[in-house]
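**Student:** This is the structure I have questions about; it appears just below.
Where a number appears in this text, it was derived from the coordinates with a stated rule and is not lab data. Owing to the predicted nature of the structure, the values given are computational and were not obtained by experimental measurement. As a convention, Cβ positions derive from the backbone with ideal geometry for all residues, glycine included, and neighbour counts pool all protein chains shown.
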Amino acid sequence: MKRCLIFLIFSLSATIVAAQTDDSLDAFRKNALNDISHYRDSIMTEYKDFRRRINEDYANFLRGIWKDEKATPIVPPIKDPTPIPPVVISEEDKNQPIEGNPILVEEEISPIPQPSPQPQPVVPIEEEQPSPVNPPFKHNFIFYGTNLSVRLGPNQKFTLKSVQPQTMGNAWDRLSQDDYNNLLFDCLKIREDLTLCDWAYLKMLNSLSESFLGKGSNEATFLTAYLFCQSGYRIRLGEYKGKLYLLVGTPHQLYHHGYFEIEGLNFFVFNENPENLYVCEVSFKGEQSLSLYIPELPKLKEKLSSKRTIKSEKFPNITVTSQVNKNIIDFFNEYPTSCLGENHCTRWAMYAETPVCTPAEISVIAALRSKIRGVTEIEALNKILNFVQTGFVYEYDNKIWGDDRAFFADESLYYPFCDCEDRSILFSRLVRNLLGLKVMLVYYPGHLATAVKTNGQYNGDYIIYNNQKFIVCDPTYIGAPVGTTMPDMDNQKAKVIVLN
């Protein structure tokens, strides 16, 4: 239908141009524009009718039978072997010539797939024009320190007297009316304007719903589910003992969560971990699974963190004063750790592929770029490596967090402590941003390092991947130059995780 409308517009435009010498051009142009307008209106009417029908069907399914389902056991956090503590290179080893030994590779993990385009409504959401007599109400709410507003008023509040199937169907019918279209339109506009990834969009909808209908209420859960579904996402509704739950479909495995398997797909329960639910298992037309990739950071209001000086011990000029967006740190703090399928090594790639916030780009990456300008590739690599090796204080996750926790690059620049995986994620981000080189994460039992595909040929321990040579760079082997593997790691097989 959309293609037909575009074709008609081009055809009529061409006809208008051809008729420019005709005395009746003005009348012809008016008629042509009227035809376009009428055709567009008819298309939008068809869209609305189609969306109305599938929502009516879905409401009827909600009134049907909800099946008793049992969740899988909660996915426990990863228990890696005892972490390898940082090692400071000895003075003797510093002066030894760098040799080039191959690292034995146990498993190659291909780059994680690039995220698909975000889900979209099954038909375009048409903005309802407000009445000049009765302007729309605005509902204001805060999302990670960012003030947002949508068209939503007191007359759109609703109450669920129960979570019985008939009540659910009636409520879906109510939300499917045209007076909620501008709310959905505004939510999708916020997703676009703030570059919200799928997880951030879900969190935003939940913040909106809870601010309007009450934190943890069944009504807020229902509104979140409706808006997320209408935006194109795969959801299911479940209930147990009078409480409503939102189930979200995803190909990711979230730690600390159990799953409900429905028609071969995994659904986790948002913000909860119930063991049993009665679930409406019916799918909505055109639905897509939630992705946990963060291809772009949310454009949250900037709340600058305190300034922090980070410097290299070996290269005194490699010193920066770091600041990050504290609102982004708060967002990361609630981001769920996940992996793809059951390959737990992919969890690090999820962090490493995420860009840094704008303040970090300015205060750290731009500052470092100016300090390595004019040096050779290997000099720049060694400067960046020593900066990460010596500019941060090492500490074990279980001591600080009580559990394993990887950091996004911004978090390593913010928190006072980090471990080997955090340093490797940060180093991989700096190298790709500053030098544009390919990087892989290198996992040994209890330790994470990196390897870099350089343009030049240098001595050093290396990994061959796809006939390309990656030279080892270990951000936790303190003071060690590029090409040097931490002692006791050079005789172990490694798993390599290739980054995009």
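**Student:** In percent, what relative contact order does the chain have, based on Cα pairs under 8 Å that are 6 or more apart in sequence?
**Tutor:** 19
**Student:** May I ask for the angle, rounded to the nearest 10°, between helix 218-230 and the longest principal axis of the chain, with both axes built from Cα atoms and the value confined to 0 to 90°?
**Tutor:** That works out to roughly 90 degrees.
**Student:** Separate question: Would the chain count as rounded, prolate or oblate if I go by the C-alpha gyration tensor, calling it rounded below 1.5 in a/c and otherwise prolate when a/b exceeds b/c, oblate otherwise?
**Tutor:** prolate
**Student:** Amide H neighbours of Thr337 under 5 Å, counting only residues 5+ apart in sequence or on other chains, H built in-plane at 1.01 Å?
**Tutor:** Here the answer is Tyr255, since their amide H atoms fall under 5 Å of that of Thr337.
**Student:** Per-residue counts of other Cβ atoms within 10 Å, averaged by peptide: what ranking do you get for 350-359, 142-151, highest first?
**Tutor:** Top of the packing list down: 350-359, 142-151.
**Student:** Something else now. With a cut-off of 11 Å, note down the residues of the range 400-434 whose backbone N falls inside the zone around a label point 7 Å from the Cα of Ile78 toward its beta carbon.
**Tutor:** The answer is 404-407, 421-422.
**Student:** What nm value, rounded to one decimal, do you get for the distance between Thr309 and Gln177 when each label is placed 7 Å out toward the C-beta?
**Tutor:** For the pair Thr309/Gln177, the computed spacing is 6.4 nm.
**Student:** I need the phi-derived Karplus couplings for the range 412-426: 6.51 cos²θ - 1.76 cosθ + 1.60, θ = phi - 60°, integer Hz, Gly and Pro marked x.
**Tutor:** Each residue of the range 412-426 in turn: 5, 6, 9, 6, x, 10, 7, 10, 5, 5, 5, 5, 5, 5, 5 Hz.
**Student:** Report the local net charge at Pro136: Lys and Arg +1, Asp and Glu -1, summed over other residues whose C-beta lies under 13 Å from its C-beta.
**Tutor:** Numbers: positive: Lys138, Arg151; negative: Glu127, Glu128, Asp178, Asp179, Asp186.
After counting each charged neighbour, the total is -3.
**Student:** I've got another one for you. Between Lys67 and Lys399, what is the FRET efficiency for a Förster distance of 35 Å, r being their Cβ-Cβ separation, to the nearest 0.05?
**Tutor:** Values: r = 44 Å, r/R0 = 1.27.
So the FRET efficiency works out to roughly 0.20.
**Student:** Hey, what number do you get for the chain at 222 nm if only DSSP H runs of n ≥ 4 count, each worth -39500 (n - 2.57), divided across all residues, to the nearest 500?
**Tutor:** -11000 deg cm²/dmol
**Student:** Rounded to the nearest 0.05, what FRET efficiency do Asn455 and Ile142 have when you use their Cβ-Cβ distance and R0 = 56 Å?
**Tutor:** Values: r = 47 Å, r/R0 = 0.84.
FRET efficiency, Asn455 to Ile142: 0.75.
**Student:** Would you list, by chain and number, the lysines whose Cα falls below 24 Å from the Cα of Lys438, excluding same-chain residues fewer than 8 positions away?
**Tutor:** Partners found: Lys371, Lys383, Lys453, Lys469, Lys493, Lys495.
**Student:** Based on other C-beta atoms within 10 Å, arrange Trp401, Trp199 from fewest to most.
**Tutor:** Going from sparsest to densest Cβ surroundings: Trp401, Trp199.
**Student:** Over the alpha carbons of the range 181-292, what is the largest minus smallest coordinate on each principal axis, giving the biggest first in Å?
**Tutor:** Taking max minus min along each principal axis of the Cα atoms, the range 181-292 gives 36, 28, 27 Å.
**Student:** Give a residue-ordered list of calculated ³J(HN,Hα) values for the range 292-306 (Karplus: 6.51 cos²θ - 1.76 cosθ + 1.60, θ = phi - 60°; whole Hz; x for Gly, Pro).
**Tutor:** For the range 292-306, the Karplus curve yields 9, 5, 10, x, 9, 6, x, 7, 7, 4, 6, 10, 5, 6, 4 Hz.
**Student:** Round to the nearest 10 and give me the degree value, 0 to 90, for the angle of helix 198-213's Cα axis relative to the longest principal axis of the chain.
**Tutor:** The angle comes out at about 50 degrees.
**Student:** Here is a follow-up. Give, in nm to one decimal, the length gained when the segment between Glu192 and Asn95 is fully stretched (0.36 nm per residue of separation minus the Cα-Cα distance).
**Tutor:** Contour length minus the Cα-Cα distance gives 29.5 nm.
**Student:** Using a ≥ b ≥ c from the Cα gyration tensor of the range 316-440 (square roots of the eigenvalues), is it rounded, prolate or oblate, where a/c under 1.5 gives rounded and otherwise the larger of a/b and b/c decides, a/b for prolate?
**Tutor:** Because a/c hits 1.5 or more and a/b exceeds b/c, the range 316-440 counts as prolate.
**Student:** Right, next: Output the 0 to 90 degree angle, nearest 10, between the alpha-carbon long axis of helix 2-18 and the longest principal axis computed from the alpha carbons of the chain.
**Tutor:** Orientation of helix 2-18: about 80 degrees from the principal axis.
**Student:** Rounded to the nearest 5, what is the percent of antiparallel bridges among the DSSP beta bridges in the chain?
**Tutor:** 85
**Student:** Related question: So how do 466-479, 203-216 stack up, highest first, on mean other-Cβ count within 10 Å?
**Tutor:** Highest-to-lowest ranking by the protection proxy: 466-479, 203-216.
**Student:** A further question follows. I'd like to compare 233-242, 272-281, 426-435, 104-113: which one has the highest average count of other Cβ atoms within 10 Å, and what's the full order after that?
**Tutor:** Listed from highest to lowest mean packing, they are 426-435, 233-242, 272-281, 104-113.
**Student:** Related question: Normalise the Debye intensity by I(0) for the range 162-205, one equal point scatterer per Cα, no solvent, then take log10 at q = 0.22 Å⁻¹ and round to two decimals.
**Tutor:** Normalising to I(0) and taking log10 leaves -0.79.
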